[in-house]
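Asker: Before anything else, here's the structure in question.
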2 protein chains.
Amino acid sequence: MSDVYAVRRARLRDRYAAAGSTAALVSRPANVRYLAGGAPPGAVLLLGPGEDTLLCPRTAEGTGTEGGGRVDERLRVSVLPTASGDPAVAAAGLLVASAAESLAVEEHHLTVSRHRAIGSVAPRLALTDLAGAVEQQRIVKDEGEIACLRIAAEIADQALGELLESILVGRTERHLALELERRLIDHGADGPAFPTSVATGPHSGRPGHRPSDRRVEEGDFLFVGLGADYRGYRCLIGRTFVIGTSPADWQIELYELVFAAQRAGREGLVPGMGYRDVDRASRQPLEAAGYGEGLAPRTGHGVGLEIEEDPQLAPAAMGKLDACVPVTVGPGVHLPGRGGVRIDDTLVVRPEADGGPELLTITTKELLAL
Amino acid sequence: MSDVYAVRRARLRDRYAAAGSTAALVSRPANVRYLAGGAPPGAVLLLGPGEDTLLCPRTAEGTGTEGGGRVDERLRVSVLPTASGDPAVAAAGLLVASAAESLAVEEHHLTVSRHRAIGSVAPRLALTDLAGAVEQQRIVKDEGEIACLRIAAEIADQALGELLESILVGRTERHLALELERRLIDHGADGPAFPTSVATGPHSGRPGHRPSDRRVEEGDFLFVGLGADYRGYRCLIGRTFVIGTSPADWQIELYELVFAAQRAGREGLVPGMGYRDVDRASRQPLEAAGYGEGLAPRTGHGVGLEIEEDPQLAPAAMGKLDACVPVTVGPGVHLPGRGGVRIDDTLVVRPEADGGPELLTITTKELLAL
């Protein structure tokens, strides 16, 4: 396990070397953490041709190496002096005296200004595009990563379970969200995986709803979407409940529809299935029921060191699922003015011989009346 | 007041027109919000030569216009169809059929990939650099902005005041931070201005310390740094306390030293004073006492729509304070293994004739033993 980061760096090196680059500069924080074990704020990772080096800004009194996970002990760490500027530029400077002729950089992360500054400090270095090479490598997880996701999901299930035992009517979306985030921490999360979403009544079913001062009322749909960050790995769970003793007919019908759509998506999570086919499985029942117009552009996505990463489960997505890819499946329907239903799970794609998709978020999906 | 955004856009237009550009594309979220009143996630603002347009991605069922403040009603809003890609690229596309010959973009915000995509869709458009034009314009605040900061500071003072009345010993940094964030919301904040910092014992005095599971103990220094976001405007307050009945001599001495340094910085906040001179005023007493080595690279900075914006109060900073510039003054000393003291305030630079600097964060700076 302890050479996991060195192995990841070696895989990446094979890839950029095959594309003709002699060195690579990784600047996107999740990519740095994936390859270095930790990503102190502002740190960049320089790979080859010499020793791999993590370059960190010196922040105030600190060395700059704290935070964002524990850096691989076998990696050279260079803490830059105060006010020495951008570590990405310093990294390029290190190559000036080396044999490197080209440097692959993350053009989808570096700003135009930083890219130009790198070019200025090392004008004879050809800058190429590393593109999404690290993101691609991150899609399939190892069992260590999946174990972190499993714990993250367990923490989110616990936090959600406790909330359901408390009195909800009269409390605001903001307060419920804060309480959930406190419970995530209580159960060992390093933090929430993303800003917790609590949506009541007419807000329910809107993806990405930010908690407001609206209070939970009798008869509401209540949507709760949360996740834990455990050692950098992030999961997601979303559930919709009804408040009061007996759901209305339209609520039961809508819930059953979304539940069936979500189940169809989950059942599509087998190795070799196209990303778009999983999306289709969730989307088709909702379209058939006349809700095609307002659907979200995708019904799920990968999770890992970021809460939204590849693959995208969307109509135009290219590619096929592999085993050991964790994804969310979360279709939803929102009826303007009335509210709606979303049900999100995090699962890991597994071969059918191994029992099929592994459900990480195990809170019940029965329609609970609270 | 209602044409405040149009006036800001007109000022920016004068500036980029003088630099030879016929249009500008603003992509940095705080800059979009400053000029458009709101910044829905992913939105970009296209200025001139035709009607100014806010281009928003359509997110799921929403129109994409929610969140990040209320968009100026007089601004044209274009909500892009699902899956139409990057609004910045769509904005450049709008210019293809126009008379625009050049477009100023924010090279310090746009990635290389986005910049290239803009160039591809409008190959005859010369792309120039808007650089920090909007950030510069944001430095001096109007009274509406200062009113928001004043409320933000009042909220932070209230949250901190309530915490001080509760029992602290035995509670973890994480829990105290979460409680403070809940209290910020209780008092009307839209959210914390930045992740709340609580640092106990040996952690105290470290800038940017992230709350850990360490519990408050008798004899500790306790540092609390927090701020509220009120309508997008963010303030900062930091205070250091001692836990227990009687501070040790070294604690009193260190506190008095940092207090004197912080007061010297505050007293330097007059129009016309150099940024570096304010920094020097705070820094010199700490250096004279032998703590020069480990000091943070700056002792304060501007606040507004971002918690860290221009100006920087640092040894190499160029420029002079204007009236109506809100800044923080927050020197600190950290003794490795023992802890330390930081004291941060948010103030607005005012002419001496108007009474000098306006202190927004009014919680006492006496050394409280809790």
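The values are calculated or read from the model by the stated rules, or taken from the named source; none is laboratory data. The model shown is predicted, which means the values in this text are computed figures rather than measured ones. Here Cβ is always computed from backbone atoms with ideal geometry, including for glycine, and neighbour counts include all displayed protein chains.
Asker: Pick from the stretch A:113-145 the residues that are within 14 Å of chain B (Cβ to nearest Cβ) and of a type in the set (D, E, K, R): which of them is surrounded by the fewest Cβ atoms within 10 Å (Cβ to Cβ)?
Answerer: A:Arg116
Asker: Does the stretch B:172-189 include one or more residues that are on the phi > 0 side of the Ramachandran plot, in the same structural domain as B:Ser102 (by TED's automatic domain parsing) and not in a helix (DSSP H, G or I)?
Answerer: There is no residue in the stretch B:172-189 that is on the phi > 0 side of the Ramachandran plot, in the same structural domain as B:Ser102 (by TED's automatic domain parsing) and not in a helix (DSSP H, G or I).
Asker: Name the single residue that is nearest to the other protein chains (Cβ to nearest Cβ) among those in the stretch A:311-322 being within 18 Å of A:Ile237 (Cα to Cα) and touching a residue at least 40 places away in the same chain (Cβ under 8 Å).
Answerer: Ranking the qualifying residues of the stretch A:311-322, first place goes to A:Leu313.
Asker: Looking only at the stretch B:271-288, decide whether some residue is within 20 Å of B:Thr346 (Cβ to Cβ) and assigned to a loop (DSSP other than H, G, I, E, B).
Answerer: Within the stretch B:271-288, one or more residues are within 20 Å of B:Thr346 (Cβ to Cβ) and assigned to a loop (DSSP other than H, G, I, E, B).
Asker: Kindly list the number of the only condition in (1) within 14 Å of chain B (Cβ to nearest Cβ); (2) assigned to a loop (DSSP other than H, G, I, E, B); (3) surrounded by 15 or more Cβ atoms within 10 Å (Cβ to Cβ) that fails for A:Ala159.
Answerer: The number of the failed condition is (2).
Asker: What pairs come up if the first residue lies in the stretch B:52-76 and is within 14 Å of chain A (Cβ to nearest Cβ) and closer than 27 Å to A:Leu335 by Cβ, the second is surrounded by 21 or more Cβ atoms within 10 Å (Cβ to Cβ) and modelled with pLDDT under 85, and their beta carbons are under 9 Å apart, counting only those six or more places apart or on different chains?
Answerer: Filtered contacts from the stretch B:52-76: B:Cys56/B:Gly64; B:Pro57/B:Gly64; B:Arg58/B:Gly64; B:Thr59/A:Pro207; B:Ala60/A:Pro207; B:Glu61/A:Pro207; B:Gly62/A:Pro207; B:Glu66/B:Thr59.
Asker: Does the stretch A:29-45 hold any residues that are in contact with a helix residue (DSSP H, G or I) (Cβ under 7 Å, 6 or more places away or on another chain) and not polar (S, T, N, Q), and which are they?
Answerer: If the condition is that a residue be in contact with a helix residue (DSSP H, G or I) (Cβ under 7 Å, 6 or more places away or on another chain) and not polar (S, T, N, Q), then A:Tyr34, A:Leu35, A:Ala36, A:Gly37, A:Ala39, A:Gly42, A:Ala43, A:Val44, A:Leu45 are the ones that fit.
Asker: Within the stretch B:232-256, how many residues are buried (at least 19 other Cβ atoms within 10 Å of the Cβ) and over 30 Å from B:Ile151 (Cα atoms)?
Answerer: 3
Asker: For the stretch A:359-370, which residues satisfy the criterion of being in contact (Cβ under 8 Å) with a residue 12 or more places away in the chain and farther than 18 Å from A:Ala159 by Cβ?
Answerer: Scanning the stretch A:359-370 gives A:Leu367, A:Ala369.
Asker: Let me ask another. Do any residues in the stretch A:181-195 that are under 17 Å from B:Thr196 (Cβ atoms) have Cβ atoms under 7 Å from those of residues that are charged (D, E, K, R) and not in a loop (DSSP other than H, G, I, E, B), where the two are at least six apart or on different chains, and which pairs are they?
Answerer: A:Ile185/B:Arg174; A:Ala189/A:Asp229; A:Asp190/A:Asp229; A:Gly191/A:Asp229; A:Pro192/A:Glu181; A:Pro192/A:Asp229
Asker: Ok, one more. Taking the condition of being touching a helix residue (DSSP H, G or I) at 6+ places or on another chain (Cβ under 8 Å) and either assigned to a loop (DSSP other than H, G, I, E, B) or under 13 Å from B:Thr346 (Cβ atoms) (or both), how many residues in the stretch B:303-315 meet it?
Answerer: Number satisfying all stated conditions: 8.
Asker: While we're here: Filter the stretch A:21-45 down to the residues that are assigned to a helix (DSSP H, G or I), small (Gly, Ala, Ser) and either surrounded by fewer than 22 Cβ atoms within 10 Å (Cβ to Cβ) or at pLDDT below 90 (or both) and list them by number.
Answerer: A:Ala30
Here is a yes/no grid of residues against (1) out of contact with any helix residue (DSSP H, G or I) (no Cβ under 7 Å at 6 or more places or on another chain); (2) surrounded by 24 or more Cβ atoms within 10 Å (Cβ to Cβ); (3) modelled with pLDDT under 90:
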{"residue": "B:Arg15", "(1), (2), (3)": "no, no, no"}
{"residue": "B:Ala19", "(1), (2), (3)": "yes, no, yes"}
{"residue": "B:Leu47", "(1), (2), (3)": "no, yes, no"}
{"residue": "B:Gly64", "(1), (2), (3)": "yes, no, yes"}
{"residue": "B:Val79", "(1), (2), (3)": "yes, no, yes"}
